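The structure appears below as structure tokens.
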Amino acid sequence: MTWPRRAPARDEVDAWFAAVLAGTASRDEADRWAAQWFTGDADRLVHDEHVWWALGLLYGVDLPADRTGTFLHDDEQVREWLAEFRARCAASPMGDG
């Protein structure tokens, strides 16, 4: 597996949340994208605590609630995560947070 060479920017993380909600990216794709920072040594690349927090949510966004195909975290929850991520980033705009 090739590890990421850099941490994702806040706008990339935001775009993944938005894509999941818009249906332009699957939850599985978002989960796999976020997973790369939780395997191997790639976690050392992420220094922005807000990005790290959001990656932790995206990594698992595809978890099933049961066998019916419902997700553990519905779209409303994902919308709330995106709003919280944006609020956290706005409170720490320089990425020092």
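The values are calculated or read from the model by the stated rules, or taken from the named source; none is laboratory data. Treat the numbers as computed from the prediction; the structure is a model and nothing was measured. Virtual Cβ from ideal backbone geometry, glycine too; neighbours counted across all protein chains shown.
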Which ones in the range 44-85 are of a type in the set (A, V, I, L, M) and over 18 Å from SER26 (Cβ atoms)?
LEU45, VAL46, VAL51, ALA83
Of the residues in the range 34-56, how many are in contact (Cβ under 8 Å) with a residue 40 or more places away in the chain and of a type outside the set (Val, Ile, Thr)?
7
Over the range 57-68, the set of residues of a type in the set (Ser, Thr, Tyr) and either without any contact (Cβ under 8 Å) to a residue 12 or more places away in the chain or loosely packed, with under 11 Cβ neighbours inside 10 Å (or both) is THR68
Could you check how many residues of the range 1-53 are assigned to a loop (DSSP other than H, G, I, E, B) and either surrounded by 15 or more Cβ atoms within 10 Å (Cβ to Cβ) or among the β-branched types (Val, Ile, Thr) (or both)?
10
Would the range 69-90 turn up any residue that is surrounded by 11 or more Cβ atoms within 10 Å (Cβ to Cβ), touching a Lys or Arg at 6+ places or on another chain (Cβ under 6 Å) and either assigned to a helix (DSSP H, G or I) or free of Cβ contacts under 8 Å to residues at least 24 places away in the same chain (or both)?
yes
Give the residues of the range 25-43 that are modelled with pLDDT under 85 and either acidic (Asp, Glu) or within 12 Å of the chain's Cα centre (by Cα) (or both), sorted by residue number.
ASP41, ASP43
